[in-house]
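No value in this document is a laboratory result; all are computed from the given coordinates. In this text, all values refer to a predicted model and were calculated from it rather than measured experimentally. Here the Cβ positions follow ideal geometry from the backbone for every residue, glycine too, while neighbour counts run over all protein chains shown.
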Amino acid sequence: MTTSRALISGAGIAGLSTAFWLARAGWDVTVVERFDAFRDGGQNLDIRGTAREVLSRMGLEEAVRSRGTTEEGTAILDGAGRAVARFPVEDADGPTAELEILRGDLARIILDALPDTVAVRYGDHVRAVHDDGTAVDVTFAAGATERYDVLIIAEGVRSRTRELVFGSAVTRRELGVNMAYGTIPRIDGDDRWWRWYSTEGGRQITLRPDGVGTVRATLAFLDSVRNLAELPLDQAREALRDTFHDAGWQAGRVVDGFSTSSDVYVDYLTQIVMPSWSAGRVVVTGDSAWCVTPLGGGGTSLAMVGGYVLAAYLTQDGPAFARYEQWMRPLVDDAQKLPPGTPALFYPRSAAGVRALRLGARIGSTGALRRLTSRIGHVARSAQPLPEMRQASPASRGDLRCESNPNSPH
């Protein structure tokens, strides 16, 4: 008997979380990552809902708390930069969650906690996949071909391996919002609040403390035609400068900061929708399977929960992929179901729309309505108990645990 082998493509939160649980259950796990080295940095993330239970079972809750961003709450600003509404960290599922951490810090914590048996390869990627029904032969860009019991794709919203396997079965639901992220220097007057500033033209600026002496900023605007993510970074920076030149508040500071920041990332918010998350012995998880975007929220939490649930069912007898999808679908569907009027409601083009947004925030931040608005943040929360994680059984590795879904592309 031999140990079950899994290849996980992608060393982000979803991939590392899945690797953690499969390796702990006794699987032989390899993680392959296209980038040449571990990626630090990234924006603020929160851990919500059932993901807190997963984090606790990993034994990493204290490590995450020790690397918190120090954020004290969320403030909605008026045209002069004054707070018209505040949502302090009182409810763990408010706009600012109780557990806030930088993406790179969370990924590093999980990476460092991986069992020593996990092999992580940087600077390589999947080039070809052949699934013969009993195993998956994977050819890498570096030239080697290796055989695995399952291939788990966790590469993110723009996954190339997902396209290789699933092709036209993937639907991209573009939301019409350009969002640029980056790190800028901290200055006098910066506090520990996540500050949201909206202005006419569907434009939004946010500033967040990061706990490491700098500020994480975003520039976002509504535009159903222009996709800045398709542009070279220098052209995207110029487009942002042109779009925000008269936006007011600290637009100039952020645009100037992005011109020299080394970690600027531009995205065109897109949900990923698939009729099935598996085909034969290949499965997708995290943003590769269901990207919910920041408008839906909870992407990190869903990635952590998905990694646990997928690994748990792979350690059990029976159709693991079908059970994983059945367990996760309700959470994903809920996160992708945006409030009516979104995103235009949160990116108003007119002065009247901006005033209405601020008024709604002010009303929503008071008294009993604060408890109501906090429920909006209850993402990645399931009433289902987490499935049991069992020690892997080598004798069962050839069964139909990965039986085909009738909606799969194969």
Pop a pseudo-label 7 angstrom from the Cα along the beta-carbon direction at both Thr3 and Asp242 and give the gap in nm to one decimal. 5.5 nm
Yeah, the stretch 305-357 with a ≥ b ≥ c from its alpha-carbon gyration tensor (a/c under 1.5 is rounded, else prolate when a/b outruns b/c, oblate otherwise) is prolate
Which of the listed residues, Leu295, Ser66, Leu114, is farthest toward the dipole's positive end in the chain, when Lys, Arg count +1 and Asp, Glu count -1 at the beta-carbon? Leu295
Debye-sum result for the stretch 43-126 in log10 I(q)/I(0), which assumes one identical scatterer on each alpha carbon, at q = 0.19, 0.25 Å⁻¹: -0.90, -1.23
Along each of the three principal axes of the Cα atoms of the stretch 103-220, give the extent in whole Å, ordering the values from largest to smallest. 59, 38, 21
Going 7 Å from the Cα of Ser259 toward and past its Cβ, which residues in the stretch 183-225 have a backbone nitrogen under 17 Å from where you end up? 183-185, 219
Short to long, in 10 Å steps from zero, the percent of alpha-carbon pairs of the stretch 20-85 per bin is 14, 28, 35, 14, 8, 2
Pair Ala142, Leu111: separation of 7 Å Cα→Cβ label points (nm): 1.6 nm
Glu230/Asp334 FRET efficiency (R0 45 Å; Cβ-Cβ; nearest 0.05): 0.90
Rounded to the nearest 500, the 222 nm mean residue ellipticity computed for the chain from DSSP H runs (n ≥ 4, each -39500 (n - 2.57)) alone is -9000 deg cm²/dmol
Packing-based exposure ordering (other Cβ within 10 Å, fewest first) of Ile187, Ile152, Ile13: Ile187, Ile13, Ile152
Label-point separation, Ala356 to Ser168 (7 Å along Cα→Cβ), nm: 4.0 nm
Name the residues of the stretch 47-63 whose amide N is less than 11 Å from a point 7 angstrom out from the Cα of Glu98 along the C-beta direction? 48-49, 52-53
How many percent of all Cα-Cα pairs in the chain sit more than 35 Å apart? 27 percent
Normalised per residue, the volume of the convex hull around the Cα set of the stretch 226-282 (Å³): 136 Å³
Once you wrap a convex hull around the alpha carbon atoms of the stretch 157-248, what is its projected area averaged over all directions, in nm²? 8.1 nm²
Rounded to the angstrom and largest first, Cα extents along the principal axes for the stretch 45-184 equal 60, 39, 29
Given H placed 1.01 Å from N in the peptide plane, which residues other than close sequence neighbours of Ser365 have an amide H under 5 Å from its amide H? none
Would you mind ranking Trp194, Trp249, Trp27 by Cβ crowding within 10 Å, fewest neighbours first? Trp249, Trp194, Trp27
